[in-house]
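The structure appears right after this line, and notes come after that.
The values are calculated or read from the model by the stated rules, or taken from the named source; none is laboratory data. Just so we're clear, the structure is a prediction, and the values are computed from it rather than from any experiment. Virtual Cβ from ideal backbone geometry, glycine too; neighbours counted across all protein chains shown. To get the accessible areas, we keep the full protein, side chains included, count just its heavy atoms, and leave off ligands, DNA and RNA. Shrake-Rupley method; radii C 1.70, N 1.55, O 1.52, S 1.80 Å.
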Amino acid sequence: MGFIVGIDGPAGSGKGTVTKKVANELGLINIDTGITYRCVALEVLNQNVSLEDTDKIIEIARNIKIDIDNTPNGDIVYLNGKDVTKDIRSKEVTKIVSPVSSIKEVRYSMVDMQRKLAEGKDIIMEGRDICTYVFPNADVKIYLDASIEERAKRRYKENQEKNIDMTYEEVYENIKKRDENDKAKEIGALKIASDSIVVDTTSLSIDEVVEKIINIIKQNLK
Ligand code: DC
């Protein structure tokens with residue numbers, strides 16, 4: 001088994017951007033676990049499945065095929081062989097991904113997949129429950145946080161750059177709702193592991209957070 005750096009935190013805490021940069025600098029493989037739940041949510045929409053139909057959603061999660069190609073320009077995501085890199089970030093997927101990821105059996109399937117993706121590699125894995133549930137024995141555990149206003153501001157700007165059409169108010173409400181939902185999950189709830197190092201990124205630049213995390217990793221791997 002390789003070594004594992006786990007990064008947890010709420011939507012907009014900077015996990016995605018920061019994790020990719022740290023991975024590039026330290027030569028680690030980066031795994032964004034939100035992708036796996038977003039793919040299930042997208043397939044639920046593609047197949048027109050109601051959110052009430054949990055059995056069907058569980059079946060989708062059990063049979064889904066997800067491939068993630070780590071490239072210097074970001075992850076290319078394939079769902080059952082089709083490139084869905086942009087589709088998984090749509091407003092519609094973002095709205096239903098938290099309830100979809102709250103289904104216990106969906107989590108079992110995705111966590112299984114995430115553990116397999118990590119097998120034998122040196123990785124940095126980001127999500128909500130990496131340090132508490134997916135890899136409770138990770139070598140380095142970090143929790144990134146920031147105020148909700150700052151996180152909504154960041155996500156709104158990111159969406160604009162990606163031509164995703166959501167107002168600031170929509171982004172703020174979505175993040176607030178996802179925080180509540182993510183924290184209330186029966187399994188894999190968003191919470192700080194007792195041995196995680198908390199980094200508040202509210203007033204830090206991306207490069208400052210990257211530097212901080214690289215230092216934490218280096219100190220903990222000695
Ligand atoms: O990080 P993200 O916004 O792409 O994640 C999308 C959703 O997936 C988020 O609302 C919560 C869920 N998620 C989860 O439950 N557990 C993870 N390890 C990662 C994401």
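When you check T85 against the structure, is it touching a strand residue (DSSP E or B) at 6+ places or on another chain (Cβ under 7 Å), farther than 19 Å from R107 by Cα and more than 10 Å from the ligand (Cβ to nearest atom), yes or no?
Values: touching a strand residue (DSSP E or B) at 6+ places or on another chain (Cβ under 7 Å): yes; farther than 19 Å from R107 by Cα: yes; more than 10 Å from the ligand (Cβ to nearest atom): yes.
Yes, satisfied.
Quick check, is S109 among the hydroxyl-bearing types (S, T, Y), over 18 Å from I4 (Cβ atoms) and modelled with pLDDT of 90 or more? Walk me through how you get there before you give the answer.
Values: among the hydroxyl-bearing types (S, T, Y): yes; over 18 Å from I4 (Cβ atoms): yes; modelled with pLDDT of 90 or more: yes.
Criteria met by S109.
Every residue, every condition in (1) under 16 Å from R178 (Cβ atoms); (2) open to solvent by 40 Å² or more (accessible area, probe 1.4 Å), yes or no:
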position	(1), (2)
L117	no, yes
Y133	no, yes
K141	no, no
D145	yes, yes
R155	yes, yes
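Restrict the check to region 128-138 and report whether at least one residue is away from the ligand (no atom under 14 Å from the Cβ) and not in a helix (DSSP H, G or I).
Filtering region 128-138 for residues away from the ligand (no atom under 14 Å from the Cβ) gives 137.
Remaining after also requiring not in a helix (DSSP H, G or I): 137.
The answer is yes, given that some residue of region 128-138 is away from the ligand (no atom under 14 Å from the Cβ) and not in a helix (DSSP H, G or I).
Restricting attention to region 28-47 and to residues that are in a strand (DSSP E or B) and aliphatic (A, V, I, L, M), the residue that is nearest to the ligand (Cβ to nearest atom) turns out to be I31. For region 55-78, taking the residues that are within 16 Å of the ligand (Cβ to nearest atom) and not in a strand (DSSP E or B), the one that is farthest from R89 (Cα to Cα) is identified as I58. Here S50 meets each of (1) within 11 Å of the ligand (Cβ to nearest atom); (2) loosely packed, with under 15 Cβ neighbours inside 10 Å with one exception, condition (1). Restricting V5, V40 to residues that are touching an Asp or Glu at 6+ places or on another chain (Cβ under 8 Å), surrounded by 15 or more Cβ atoms within 10 Å (Cβ to Cβ) and modelled with pLDDT of 95 or more narrows the list to V5.
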